[in-house]
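What follows draws every value from the coordinates through simple rules; no lab data is involved. Only a predicted model underlies this, so the values are computations on that prediction, with no experimental measurement involved. FYI the Cβ positions are ideal-geometry reconstructions off the backbone, even for glycines, and counts take in every protein chain you see.
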Amino acid sequence: MKARARRIVNTTMGWLTALSAMVVVLPLILILVFLVYQGASTVNLDFFTRLPKPVGEPGGGMANAIVGTLILVGLASCLGLPLGILGGVYLAESQDRRLPWVIRFLADVLNGVPSIVIGIFAYTVVVLPLRRFSALAGGFALAVIMLPIVLRTTEEMVRLVPASLREAALALGIPEWKVILRIVLPTARAGIITGVMVSIARIAGETAPLLFTAFGNRFWHQGLLQPIAALPLQIFAYAIAPYDDWHRQAWAGALVLIVMIFSSSLVARIVTKGRYSGLR
Amino acid sequence: MVREGGAAEGLSLLHLARSTRKTGRWGDRLFRLLIRAAALALLGIVLGLVIVMIRAALPSIRAFGWSFLFTSKWDPVAEHFGALPLIYGTIVSAVLALLIAVPLGIGAAVYLSEVAPSWIRPPISFLVELLAAVPSVVYGLWGVFVLAPWLRTQVQPALGSTLGFLPLFQGPPYGVGMLAAGIILAIMVVPFIIAVSREVLLAVPNAQREAALALGATRWETTRLAVLRYARSGLTGAVLLGLGRALGETMAVTMVIGNRPEISASLFAPGYTMASMIANEFAEATSDLYLSALIEVGLLLFVVTVVVNALARLLVWSVGGTVKAVRE
């Protein structure tokens, strides 16, 4: 090939890759624009403090759904965080060969399992025995989704703690468990918090596993053994309903949800800023 | 990172050592048991998931056998269930998504790792991460109210009048349907493909690039011959990870695919996927056999995604890239 032709191909391909990067980012911008354009006018104080109104009555809000999402995320964290963090410590510290490998592999498998399948799992182990949809079942499903994420990030962050620190502590005769709880984990804190925030951002927006576990509720929740509303569920229900009013509410709900999720991702970024920079 | 302030640190360590000399041994044993139990909990969950689902799907497996996979009548009233249209819809929508997402995703990854000036990389990576953080239901909402109407009024009539001789682009333009599902899935899958491909490309040793450049190759030739070829299997892994995502994606697809269990050659026609069938009908399944059939669909989805993901990981590992969580 002639030199000029090669140069032209080179420049063209360079521009094509830049173009594809732009095309990829475009939908994000479009979605954000539409969310603000369609949703912003409906987000007001009522939206955060009122219950949904029946069809035909304008106004109302999604207070119950916002609280519901917070409760579900809280429940999931109660179960998922301790298991994930301790399990992550095990993966990083264990001298064993086989078991950590198996657990690591299974965590990655679980990470790739579609969330709707995890919903079925939660349905069969929590909803069926209790004979009712409940907040508990929803929280369990979300915990299963968050577990592998927390586990793997904790492992990675614990591995980053310099061995010298650990050795210094051990050399002073401090028992291993205290070295881990008081020295290793606090040192890895920022990274672990990032993992936690990432996993929370992920489960806060999950809808599919809640459809037949938490089920949704148009009123305030009545305890953990009753169905509970969740923001993503409410958005879904309103989006597929045939009422314009509800569509506006759905856009507003989506805007609120996105702001919640982006801010927790942002916290994750700020916490790690400057540290572990090579590791994202 | 090591904390600073050596002397104070040392003193507090000594203090810690003194205060726990006695509790050391059994404390260690207990702690080891505890973290091991936490790790085993994950094993328990995965095993439990498999066992519970197989058991719950058993009535349906017994009743229909292999015909479940190869017949296309889904009739809850007569209690006859065949999942072929769902399998078809799942595969077609995922393949369509990959056809759009793979060239764009790999192109963008090449841009991020080979072409772009270094100041532009962080903001674009940041936007791609945000794209991955948008929840499925929000994509669905946008798909229903923005994408589908646009397809119905602009794109589908145009495609129909120019390429309408192909069976792919025939039939009335509904907006919602296979095409909408494919596009939404492509948007959702692309951030994963970019993230993993970029890792893989960054794992390509610089010696590869330098050797090609030293021989007088242009940047594109270097990328094509020395980088992409070297990273081939890792990139395949990235694509498979995207496929795994696309197969199991639920909410957005449910909202835009039209939800009709039929097989149609046209991309304009509504379809159904395994995941969206479960999402729509699970809470309403009236009989045990119906529920069991839906769980069998879920089991099928589970098996397929596990196989695809395991393959993907092996491929990515083989080039030394790491599949780290971009919110995977």
**Request:** Any chance you could check the Cα centroid distance between segment A:163-179 and segment B:24-72 for me, in angstrom?
**Result:** 36
**Message:** Run the reach check for A:Lys53 against aspartates and glutamates, Cα to Cα strictly under 19 Å, same-chain hits fewer than 8 apart removed. What comes back?
**Reply:** A:Asp244, A:Asp245
**Request:** Once you've got the GNM for chain B with C-alpha springs shorter than 10 Å, pick whichever of B:Ala211, B:Ala97, B:Ala293 has the biggest mean-square fluctuation.
**Result:** B:Ala211
**Item:** Percentage, to the nearest whole number, of Cα pairs in chain A over 24 Å apart
**Value:** 61
**Message:** Is the C-alpha gyration tensor of the protein assembly as shown telling us rounded, prolate or oblate? Criteria: a/c under 1.5 is rounded; beyond that, a/b larger than b/c is prolate, otherwise oblate.
**Reply:** oblate
**Request:** Apply 1/(1 + (r/R0)^6) to the Cβ-Cβ distance of B:Ile120 and B:Ala158, taking R0 = 35 Å, and write down the FRET efficiency to the nearest 0.05.
**Result:** 0.55
**Asked** What aspartates and glutamates could a cross-link reach from A:Lys178, if we take a straight Cα to Cα line under 19 Å and drop same-chain neighbours fewer than 8 places away?
**Response** A:Glu93, A:Glu155, A:Glu167, B:Glu9, B:Asp28
**Fill in**
Taking r as the C-beta separation of B:Asn206 and A:Leu26 and R0 as 35 Å, the FRET efficiency to the nearest 0.05 is 0.65
**A:Val9 versus A:Gln222: modelled label distance in nm, points set 7 Å from Cα along the beta carbon direction** = 7.2
**Request:** State, to one decimal in nm, how far the label point of B:Trp66 lies from the label point of A:Asp46, with both points 7 Å from Cα in the Cβ direction.
**Result:** 6.1
**Request:** Rank B:Glu296, B:Glu114, B:Glu210 by mean-square fluctuation in a GNM of chain B with C-alpha springs under 10 angstrom and give only the top-ranked residue.
**Result:** B:Glu210
**Asked** What is the extension gain from B:Leu166 to B:Leu127, computed as 0.36 nm multiplied by their sequence separation minus the C-alpha to C-alpha distance, in nm to one decimal?
**Response** 10.4 nm
**Request:** Pop out the ³J(HN,Hα) list for segment B:193-207 in order, Karplus 6.51 cos²θ - 1.76 cosθ + 1.60 with θ = phi - 60°, rounded to Hz; leave Gly and Pro as x.
**Result:** 4, 4, 4, 5, 4, 5, 4, 5, 5, 5, 7, 5, x, 4, 4
**Prompt:** Given the alpha-carbon gyration tensor of segment B:67-318, what are the semi-axes of its equivalent ellipsoid in whole angstrom, ordered largest first, with each equal to the square root of 5 times an eigenvalue?
**Reply:** 37, 21, 16
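Tell me, in nm to one decimal, what length is gained between B:Asp75 and B:Leu58 on full extension, where the rule is 0.36 nm per residue of separation less the Cα-Cα distance? Please report the intermediate quantities before stating the final value.
On the way: separation 17, 0.36 × 17 = 6.12 nm, distance 1.88 nm.
Net length gain for the segment: 4.2 nm.
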**Message:** For chain A, what does the helix formula give at 222 nm: sum of -39500 (n - 2.57) over DSSP H segments with n ≥ 4, over the residue count, nearest 500 deg cm²/dmol?
**Reply:** -23000 deg cm²/dmol
**Message:** Per-residue Cβ counts within 10 Å, from other chains only, averaged over A:161-169: what number is that?
**Reply:** 2
**Message:** If I stretch the segment between A:Leu70 and A:Ala163 completely, what's the gain in nm (0.36 nm per residue apart, minus their alpha carbon distance), one decimal?
**Reply:** 29.7 nm
**Prompt:** For the modelled label position 7 Å from the Cα of A:Val36 along Cα-to-Cβ, which residues of segment B:114-129 have backbone nitrogen atoms closer than 19 Å?
**Reply:** B:123-124, B:126-129
**Asked** Label B:Val303 and B:Leu215 with points 7 Å out from Cα along Cα→Cβ: what is the distance between them in nm?
**Response** 4.6
**Request:** Binning at 5 Å from 0, report for segment A:1-127 what percent of all alpha-carbon pair distances ends up in each bin.
**Result:** 2, 7, 7, 10, 10, 10, 12, 12, 9, 8, 6, 4, 2, 1, 0
**Prompt:** In the Gaussian network model of chain A, springs joining C-alpha atoms below 10 Å, which of A:Leu225, A:Leu16, A:Leu185 carries the largest mean-square fluctuation?
**Reply:** A:Leu16
